[in-house]
1. Does Glu110 qualify as being modelled with pLDDT of 75 or more and over 13 Å from Ala210 (Cα atoms)?
2. Output the helices (runs of 4 or more DSSP H) that fall wholly within region 145-216 and possess 1 or more residues being at pLDDT 90 or above and either assigned by TED's automatic domain parsing to the domain that holds Ala114 or farther than 19 Å from Ala121 by Cα (or both), or say none.
3. Looking at Arg132, Arg96, Arg68 in this structure, which one is outside the structural domain of Gln205 (by TED's automatic domain parsing) and modelled with pLDDT of 80 or more?
4. Can you confirm whether Val52 is at pLDDT below 90, within 20 Å of Arg4 (Cα to Cα), of a type in the set (Val, Ile, Thr) and assigned by TED's automatic domain parsing to the domain that holds Ala38?
Amino acid sequence: MTIRVVLADDQPVVRAGLRMLIADIPDIDVVGEAGTGADAVRLVRELDPDVVVMDIRMPVMDGIEATRIIKAESASTRVVVLTTFDEDENVYGALRAGAGGFLVKDMVLEDIIAAVRVVAAGDALIAPAVTRRLIAEFVDRAPVPRTRRGREIDGITDREREVLTLIGRGRSNGEIAAELFITMATAKSHVARLLAKLDARDRVQLVIAAYESGLV
């Protein structure tokens with residue numbers, strides 16, 4: 001199945017570069033480009049893409065507000081935030097807006113393509129280079145009462161606590177399986193149970209829970 005992608009960035013050269021890089025990928029098709037957040041929202045309404053690769057700092061409407069609107073209106077469209085993270089102090093806001101992935105603009109093509117596929121499949125992905133700083137900043141700016149933090153980790157097993165800790169450190173399912181000497185299927189089962197027990201929307205929220213609970 002072809003993954004239909006909209007590129008949203010206010011710099012035409014960035015969009016052109018991404019389009020050129022993706023052009024030879026058989027299972028990904030760029031169906032539209034947007035130079036503002038408002039344009040991105042409009043294109044999602046018109047084209048119903050699988051993934052939007054979204055810059056944060058754009059005129060008219062920034063990427064966070066655009067992500068919030070897109071996620072409110074479309075359950076099927078996923079958003080990957082593409083950022084020069086050192087320059088963006090409000091990336092954490094995209095977590096609340098519903099972004100399913102965070103990439104850095106200097107990542108290699110293979111990582112960007114892999115991230116688009118992961119997010120399109122319904123999982124979440126945060127570039128390892130931004131995981132710790134991003135979530136730590138989110139927790140600092142949006143603290144959760146201690147009583148709630150305690151309840152969030154009630155009812156999980158010791159093994160699930162280990163898995164949650166590794167998720168908070170940005171580990172993939174494969175890396176979790178390797179570190180805990182379990183199968184990939186078992187790792188996926190632990191992640192699925194954590195999502196259910198912590199009432200988490202996706203893997204990004206599990207990372208937040210790990211930080212809020214003091215596991216990481």
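The values are calculated or read from the model by the stated rules, or taken from the named source; none is laboratory data. If you're wondering where the values come from, they're calculated on a predicted model, not measured in any experiment.
1. In short, yes.
2. By residue number, 158-168, 173-180, 184-197.
3. Arg68
4. In short, no.
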